[in-house]
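Structure first, commentary second.
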Amino acid sequence: MKGIRAFVCGAGIVDAAGIGLEKTWAALRSENSCLKPLSIFTVSHAPALPAGEICEALPSKETVPRTHSMALLAACETLSASRLLPEAIVLGGTTGGISTTETLIRSGETEPEKYRYHALGSVATYLARVLKCQGPVISVSTACSSGTVALKIALEMIRRGRARVVLAGGADALSRMTYYGFHSLQLIDPAGARPLDLHRRGLTVAEGAAFLLLVAAEEPPEGALAELVGSGLSCDAHHPAAPHPEGAGARAAMRKALADAGMTAEEIDYINLHSTGTVDNDRVEAKAIRDLFRDPPPLSSIKGIFGHTLGAAGAIEAVASVLCIARGYIPSNVGCTVPDPGLGLQPVPRGQSRRIGSVLSNSFGFGGNNAALILADPSRRSGDMGQKKMMQFSVLGTACLTGAGSTAETFEMFLRGEALYGRPDLATIRTDLSAGSLRRLRRLPRMTLILAQAAQKTAGMAETASPGGIFFGTGWGPLTETSDFLEQLFASEEQFASPTDFVGSVHNAPASQTAIRLKATGPNITATGGDYSFEQALFCAALVTQEGDDPILVIGADEHHDLLSPRLDPSSVAGGGADGGAAFILKPHTFATGLRMVPAFLSYIPEGEDGIVPLIEALGGPERICDRFGAVFAGISATTRSRGEACMEGFLRRTGFTGVIFDYRRTTGEFAGASAVAAALAVDVLSRGVLPPRLSGKGKAALDGKGILLLGLGEYVTAVEVIR
Amino acid sequence: MEEFIEELKRKIIDTLELADVQPEDIPTDGALIGDELGLDSIDVLELVMMIEKDYGVKIENREVGVQVFRSVRSLAVYIDEHCRRTQR
């Protein structure tokens, strides 16, 4: 049997050249830079630094932040070429609604309704709602590789039979946060980005959105523009902001992409570089390319034209690569006048019209989150990739942090039937982490490191053992760093911005800190889908791992922040604010045995639907559900309680399930990472074989060998099986 | 100058939250950045902000930064020279 391939049957883009593919195409052909002094907001210094901003008005039906508007425009263009509707959406980004949030914070706005589009995950949810997509919707944030990582996840969804039509890409708008943040890192070139140039001095911040429509087929469908043939992920595990000096992670990502595509380096016709124009990035990428390619093919960075669109960059460059394949063109490296001889590369000086069969496109982000992908001419003969499967996980180690304290304290309180809500006092949690290793780390990265280390310990892993990958789910990211950054910025009338807070504020910072600590150089993905972030991280893990991989670390955690949490997540005010999370060491298997965790279902549910029918189907029908599970741990957020309870009723009515129902947020407290804690409780219950007496309502109840079904019910419906 | 160097060392400890470090642990003439104190490029930039805030002295790019942050003494000299030029 032939393998399922992922063909590109649509593309859409919004960037500094304007709205739509043809404007981007014209910019690529004319070889003119679209960068000019920032004007969408006023800045504290003159002249404003160059930026890649969209100068056209962004038409939108409702008032949403720029990121959302751009994303919808690009998504609609992507879908316009075919009559297909997406069964799944994967979106990468780093800013979400921050451009709106920062003005609200500056004006002291406290009304949560105004902040409803703040979350990174709200962009994908908005698209799903407008496009009426009922299916897996995943948001990832791996800094400047987010868009590429999103495409990798979409590719695996198709290969593993989880969706046949996937809309995937990235979106990020310009914001004060990123403008002043990169300025504080002295990484902005006042002359505009000059990738690979001898005199380059940094990047140019920019905005944009881009998508590909990936369609599953064995042979190229009519009108296919390209094929996504492979992608590779890696992590430097070296430094929160600087790349690995030898380019080890960049090289690993490219090598994995080639292996994933079943191609050799010689088969690549063109490399679309990440090359941002910073001194270090360009040096390291050049070194990695020279190591991997004896005689590198034509290569260029298009960031001199469009700037660096951060989380959207990988998607924008994927769309540009698709255009180049479909129309036969190699774009030039605009901005480079004198190639840096130290790099040992010759960037394409002038655009060339010629046939290209394959493109390697690189994206590297803060935290050493690297991703590379390969796009090819759809008529190119493809190797047989065989059928791949979603992975299941044997649970090797578990740890959690709750208001009750550490793992042991949490489980003990839970068994006694006591509430766990509150905020763990991190100072009293015993760890082997030195003061030095916790320096610069605020609440969320500290929790993440503590959890990671405790989970490794319970798995019996040596202190020096490295997990094969890290998958982190967080609804809100590092709120303390975000708040501190903005507070200082506004208090100083935009004179001072802390580079430490900026680097720490990115959603993937905790996962990258954990990777540095554990030397975990495998895939490092941060999923950020609100209350379903942990489930999304687990889903991503099941999509990108394979049989034989080393055990991975999956973490879900969120921090409560007194100023921001009540505004961003209204559910968080219940009980005075709770936070915490859980971590798991999981061994990926096609068919796991023993105590195991199986991500079974993940779907955005449009208003008016309850999503229960497809959920029950994915779980094998009512009979299997009643037979297999002794308890349901239900995650229903206070913000979507009536909707969640309606889902629960529908589930009970359609399955006839009579086992224990545990509405866990009433015990764990209200925070996005609560579902990870619930998963840890489920693992603990299952390993003991009995439910806490108060939970079952009828004394110490044995589970009779049955498992626990972890459901998320609300705007999304999710299911994770915890069974043995 | 020695007094100013002591002041800077205390500010470095405060700014960078070097919990286990005393002023005498920071070399006056030896390398400030690197493995000894575990400081890196982000710490340098955090200090750049502190110096601009507290002394009104700007260190606007990485090339200048590399020279200025060789040691606490070179930092003190640079601030002293530029502070005088601009403010006194």
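The values are calculated or read from the model by the stated rules, or taken from the named source; none is laboratory data. The structure displayed is predicted, hence computed values, not measured ones. Positions of Cβ are generated from backbone atoms using ideal geometry, with glycine treated the same way; all protein chains shown enter the neighbour counts.
Could you tell me how many of the residues in the range A:480-493 are more than 13 Å from chain B (Cβ to nearest Cβ), of a type outside the set (Phe, Trp, Tyr) and surrounded by fewer than 24 Cβ atoms within 10 Å (Cβ to Cβ)?
4
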A:ASP562, sole failed condition from (1) under 17 Å from the mean Cα position of the chain (by Cα); (2) free of Cβ contacts under 8 Å to residues at least 40 places away in the same chain: (1)
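If you check A:GLU409 against the conditions, is it of a type in the set (D, E, K, R), away from chain B (no Cβ under 14 Å) and touching a residue at least 12 places away in the same chain (Cβ under 8 Å)?
On the way: of a type in the set (D, E, K, R): yes; away from chain B (no Cβ under 14 Å): yes; touching a residue at least 12 places away in the same chain (Cβ under 8 Å): no.
Criteria not met by A:GLU409.
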The range A:674-690, residues that are part of a helix (DSSP H, G or I), of a type in the set (Gly, Ala, Ser) and at pLDDT below 95: A:SER687
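In the range A:98-114, what residues are in contact with a Pro (Cβ under 9 Å, 6 or more places away or on another chain) and either within 17 Å of A:VAL205 (Cβ to Cβ) or in a helix (DSSP H, G or I) (or both)? Before the answer, list the steps.
Let us first name the residues in the range A:98-114 that are in contact with a Pro (Cβ under 9 Å, 6 or more places away or on another chain), namely A:98-101, A:110, A:112-113.
Within the range A:98-114, A:ILE98, A:SER99, A:THR100, A:THR101, A:PRO112, A:GLU113 qualify.
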Residues located in the range A:671-710, provided they are touching a Phe, Trp or Tyr at 6+ places or on another chain (Cβ under 7 Å) and within 13 Å of A:ILE661 (Cα to Cα): A:ALA678, A:ALA682, A:PRO692, A:LEU695, A:GLY707, A:ILE708, A:LEU709, A:LEU710
First in the range A:494-505 and more than 7 Å from chain B (Cβ to nearest Cβ), second anywhere and among the small types (Gly, Ala, Ser), Cβ under 6 Å, 6 or more apart: A:GLU494/A:SER44; A:GLN495/A:SER44; A:ALA497/A:SER184; A:PHE502/A:GLY181; A:PHE502/A:SER184
Some residue of the range A:589-597 being surrounded by fewer than 18 Cβ atoms within 10 Å (Cβ to Cβ), farther than 17 Å from A:GLU721 by Cβ and not hydroxyl-bearing (Ser, Thr, Tyr): no
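Only residues that are aromatic (Phe, Trp, Tyr) and either in a helix (DSSP H, G or I) or over 23 Å from A:HIS239 (Cα atoms) (or both): list them for the range B:51-69, please.
Looking only at the range B:51-69, we keep the residues that are aromatic (Phe, Trp, Tyr), and these are B:55, B:69.
Listed by number, the list holds a single entry, B:TYR55.
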Any hit, the range B:67-75, residues being surrounded by fewer than 18 Cβ atoms within 10 Å (Cβ to Cβ) and closer than 23 Å to A:PRO245 by Cα: yes
Subset of the range A:639-673 (residues that are in contact with a Pro (Cβ under 9 Å, 6 or more places away or on another chain), assigned to a helix (DSSP H, G or I) and either buried (at least 24 other Cβ atoms within 10 Å of the Cβ) or modelled with pLDDT of 95 or more (or both)): A:ARG654, A:THR655
Residue in the range A:1-25 that is surrounded by the fewest Cβ atoms within 10 Å (Cβ to Cβ), counting only those that are part of a loop (DSSP other than H, G, I, E, B) and at pLDDT 95 or above: A:GLY20
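Per-residue answers, yes or no, for (1) part of a helix (DSSP H, G or I); (2) among the aliphatic types (A, V, I, L, M); (3) within 11 Å of chain A (Cβ to nearest Cβ):
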| residue | (1), (2), (3) |
| --- | --- |
| B:ARG10 | yes, no, no |
| B:ALA19 | no, yes, yes |
| B:GLU36 | no, no, no |
| B:MET49 | yes, yes, yes |
Qualifying positions in the range A:74-123 - of a type in the set (Val, Ile, Thr) and under 16 Å from A:ALA154 (Cβ atoms): A:THR78, A:ILE89, A:VAL90, A:VAL123
Count - residues of the range B:51-66 that are under 27 Å from A:HIS199 (Cβ atoms), out of contact with any Phe, Trp or Tyr (no Cβ under 8 Å at 6 or more places or on another chain) and either more than 7 Å from every other protein chain (Cβ to nearest Cβ) or acidic (Asp, Glu) (or both): 7
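Mind listing whichever residues of the range A:267-288 are under 18 Å from A:PRO349 (Cα atoms) and not in a loop (DSSP other than H, G, I, E, B)?
The answer is A:TYR270, A:ILE271, A:ASN272, A:ASP282, A:ALA286.
Answer with yes or no whether A:ALA326 is more than 21 Å from the chain's Cα centre (by Cα) and farther than 25 Å from A:ALA173 by Cα. First the steps, then the outcome.
Numbers: more than 21 Å from the chain's Cα centre (by Cα): yes; farther than 25 Å from A:ALA173 by Cα: yes.
Considered against the rule, which asks whether it is more than 21 Å from the chain's Cα centre (by Cα) and farther than 25 Å from A:ALA173 by Cα, A:ALA326 comes out as yes.
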Residue in the range B:21-34 that is farthest from the other protein chains (Cβ to nearest Cβ), counting only those that are buried (at least 16 other Cβ atoms within 10 Å of the Cβ) and closer than 23 Å to A:ARG442 by Cα: B:ILE33
Residue satisfying condition, being among the polar types (S, T, N, Q) and at pLDDT below 95, within set A:SER60, A:SER33, A:SER39: A:SER60
Helices (runs of 4 or more DSSP H) contained entirely in the range A:385-489, each with at least 1 residues that are closer than 18 Å to A:GLY673 by Cα: A:407-415, A:443-458
The range A:101-130: number of residues that are more than 25 Å from the chain's Cα centre (by Cα) and small (Gly, Ala, Ser): 2
Selected residue [more than 19 Å from A:ASP189 (Cα to Cα), under 24 Å from the mean Cα position of the chain (by Cα) and surrounded by fewer than 24 Cβ atoms within 10 Å (Cβ to Cβ)] from A:ASP295, A:ASP260: A:ASP260
